[in-house]
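A short reminder: the numbers here are calculations on the coordinates, not readings from a lab. Quantities reported herein were computed from a predicted structural model and do not represent experimental measurements. Every residue, glycine among them, receives a Cβ derived from its backbone with ideal geometry; neighbour counts consider all protein chains shown.
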Amino acid sequence: MSMIAIFRRLPDADAARLSQQPALLTDYIDAEQPLAGFGESTEFDADKAWHAIHFLLTGTAWGGQPPLGFILHGGTTLGSEDLGHGPARAFSAREVRVIAAALQALPSQSLGERFEPAALAAAEIYPGIWHAPPGTDDPRGFVVEYYDALRAFVLEAAQRGEAMLVYLS
């Protein structure tokens with residue numbers, strides 16, 4: 001079974017409501033249309049690149065400090081329901097602005113320069129594709145492409161004053 005990271009931009013009031021009523025979370029995530037009383041949300045799936053991005057942002061496989069450790073840490077845990085690999089976490093619009101400022105300072109080229117296949121393999125970074133044979137996959141390009149998209153997603157959330165949900169599925 002694959003592990004993917006899901007990020008969802010949503011109105012700050014909706015994140016606060018889900019923090020107060022985590023029992024609504026599964027219905028909220030699964031709904032094809034916004035639930036009554038909730039606004040629109042936008043989802044981004046970082047596929048299997050999430051763990052390498054986290055490692056390149058924090059220098060650690062499972063640790064990390066705010067704001068760059070946001071993929072695995074921080075925010076408000078929304079109840080205890082396991083969404084595949086733990087519960088979801090909500091980041092307020094204020095917290096998203098802090099994350100966005102940190103990502104703004106780290107363009108994709110700079111993140112790509114941190115990519116060392118041996119370091120990712122030694123840290124056992126999921127999904128373990130870091131030593132792809134020449135002429136096949138481009139793991140560095142895969143990670144940088146998803147980082148660039150995630151960065152743009154978070155920067156847009158900050159610009160719009162939105163909150164964000166993060167969970168592994």
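Laid out as a table, the results:
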| item | result |
| --- | --- |
| Extension gain from Ala118 to Glu81, taking 0.36 nm per residue of separation minus the Cα-Cα distance | 9.8 nm |
| Cα convex hull of the chain - mean projected area over all directions, nm² | 9.7 nm² |
| Computed label-point distance, nm, for sites Ala23 and Ser2 using a 7 Å Cα→Cβ extension | 3.4 nm |
| For Gly86, residues with placed amide H under 5 Å, excluding near neighbours | none |
| The chain - mean residue ellipticity at 222 nm from DSSP helices (-39,500 (n - 2.57) per run, n ≥ 4, rounded to 500) | -12000 deg cm²/dmol |
| Loop-exposed GluC sites (Glu not before Pro) per DSSP, neighbour cap 16 Cβ within 10 angstrom, longest uninterrupted part of the chain | 125-169 |
| Descending semi-axes in whole angstrom, ellipsoid equivalent of segment 28-123, from the Cα gyration tensor | 27, 16, 13 |
| Relative contact order, percent, segment 5-168 [alpha-carbon distance under 8 Å, six or more residues apart] | 35 percent |
| Note, ³J(HN,Hα) from phi for segment 60-69, Karplus 6.51, -1.76, 1.60, rounded to Hz, x at Gly and Pro | 9, 6, 10, x, x, 10, x, x, 6, x |
| The chain: angle of helix 139-160 to the longest principal axis, Cα-based, in degrees nearest 10 | 30 degrees |
